[in-house]
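The block underneath contains the structure these notes are about, expressed in structure tokens.
Rule-based calculations on the coordinates, nothing more; no lab input. Small disclaimer: the values here were computed from a predicted structure and weren't measured. Every residue, glycine among them, receives a Cβ derived from its backbone with ideal geometry; neighbour counts consider all protein chains shown.
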Amino acid sequence: MEPFAGRVSIVTGAGSGIGREIAAALARAGSRVVLTDLSRDAAHTEADRLTAEGCSVIPRRCDVTLEADVRECVECALTEFGQLDISVHSAGVQFVAPIEDFPTDVFDRMLRIMVTGPFLGMKHAIPAMRARGYGRILSLASVNGLVGFAGKAAYNSAKHGVIGLTKVAALELARAGITVNALCPGYVDTPLVRGQLADLARTRGLSEDQVLEEVILSLVPQHRLLSTQEVADYALFLLSDRAAGVTGQAVVLDGGYTAQ
Ligand SMILES: NC(=O)c1ccc[n+]([C@@H]2O[C@H](COP(=O)([O-])OP(=O)(O)OC[C@H]3O[C@@H](n4cnc5c(N)ncnc54)[C@H](O)[C@@H]3O)[C@@H](O)[C@H]2O)c1
């Protein structure tokens, strides 16, 4: 059974963490995938791994803040695979500091990666999807797109922003056979979260183990980090034909974080 056979996908930030898992899940489910990341090495390593399994994957270095890079990835999908059905925006970064100490250039860069990046992905994917009357667009937002978190001015602004972008795109595309959603995970065990522990430890004067227990897991009723696999499982449902009626939504997967 290959439920995504005949589909063509682009995944950004697919060299690590959640994007890596979603790209692999799509490829193993039969989609042809343009696997992109800021790191050329990471994109090629992942593509080689999946190609060795018999998947059809093309690696591309893509900085999602650069329109020329994003356009080139869409052209690659159309030239090499003939169509584009699925666009997943997972590229993201984290930086933690109080607003008065937050470097303005870092703030600007984070918004470009996590809001302008998905905007550019949509802008260049939509014409190809409209032409076929079918599309699935999924951006990685976060529970930090729904509630605040002290120290994450840029991340929270970006994740709230991408949910707004998602709603607008869903309305614009509602009759075009294209769904647009934002997935809002809680804490997932990836390099992005592990890197955050050091930042939070510094700003709060705690050890990294204390940050994990007292700052992060204490907020999660299930008291655990999510796995990338369970995020990919949920993403694949939203990217499937079966989720045709789900659009414009901030879909939450958070171990109970936002239920409190
Ligand atoms: N890990 C979590 O707990 C969590 C929770 C909610 C949402 N998210 C979101 O999920 C997405 C993936 O996060 P992750 O935890 O897998 O992170 P990760 O650090 O494991 O992977 C992020 C990837 O994005 C790439 N990237 C960074 N800047 C880029 C750019 N300008 N252009 C292209 N690629 C770029 C990196 O090279 C990296 O491979 C992010 O948008 C993140 O905000 C993560």
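Brief remarks follow.
- Helix-only arithmetic for the chain: the sum of -39500 (n - 2.57) across DSSP H runs with n ≥ 4, divided by the residue total, places the mean residue ellipticity at 222 nm at -12500 deg cm²/dmol.
- Sorted ascending by nearby beta carbons within 10 Å, beginning with the fewest, Cys62, Cys184 become Cys184, Cys62.
- Taking 22 Å as the straight-line reach from the Cα of Lys123, the lysines in range (excluding those fewer than 8 positions away in the same chain) are Lys159, Lys167.
- Structural descriptor for the range 96-188: relative contact order 37 percent, calculated from alpha carbon pairs under 8 angstrom and at least 6 residues apart.
- Length released on extending from Arg132 to Met1, taking residue separation times 0.36 nm less the Cα-Cα span: 44.8 nm
- Given R0 = 22 Å, the distance between the Cβ atoms of Glu53 and Asp189 translates into a calculated FRET efficiency of 0.45.
- Rounded FRET efficiency, nearest 0.05, which uses the C-beta distance separating Thr203 from Glu67 and R0 of 30 Å: 0.30
- Fully extended contour minus Cα-Cα distance, from Val93 to Lys167, at 0.36 nm per residue: 24.4 nm
- Cα→Cβ-extended label distance, 7 Å offset, between Arg40 and Gln229, nm: 3.4 nm
- Candidates per trypsin sites (Lys or Arg not before Pro) in the range 165-260, loop by DSSP, up to 14 other Cβ within 10 Å: Arg175, Arg224
- Cα gyration tensor category, rounded, prolate or oblate, for the chain with a/c compared to 1.5: prolate
- Overall form of the range 80-162 per C-alpha gyration tensor (a/c, 1.5; a/b vs b/c): prolate
- Given charges at Cβ of Lys, Arg, Asp, Glu: the range 1-140 dipole, positive-most of Ile99, Gly133, Val115: Gly133
- Relative to the current alpha-carbon distance between Glu80 and Thr104, full extension at 0.36 nm per residue lengthens the span by 4.7 nm.
- Value of relative contact order over the chain, rounded to a whole percent, pairs C-alpha under 8 Å and six or more apart: 19 percent
- Each of the peptides 8-16, 49-57 was scored by the mean count of other Cβ atoms within 10 Å over its residues; in descending order, highest first, they stand as 8-16, 49-57.
- Between the Cα long axis of helix 67-76 and the first principal axis of the chain there is an angle of about 40°, rounded to the nearest 10.
- Degrees, to the nearest 10: 191-204 long Cα axis against longest axis of the chain: 20 degrees
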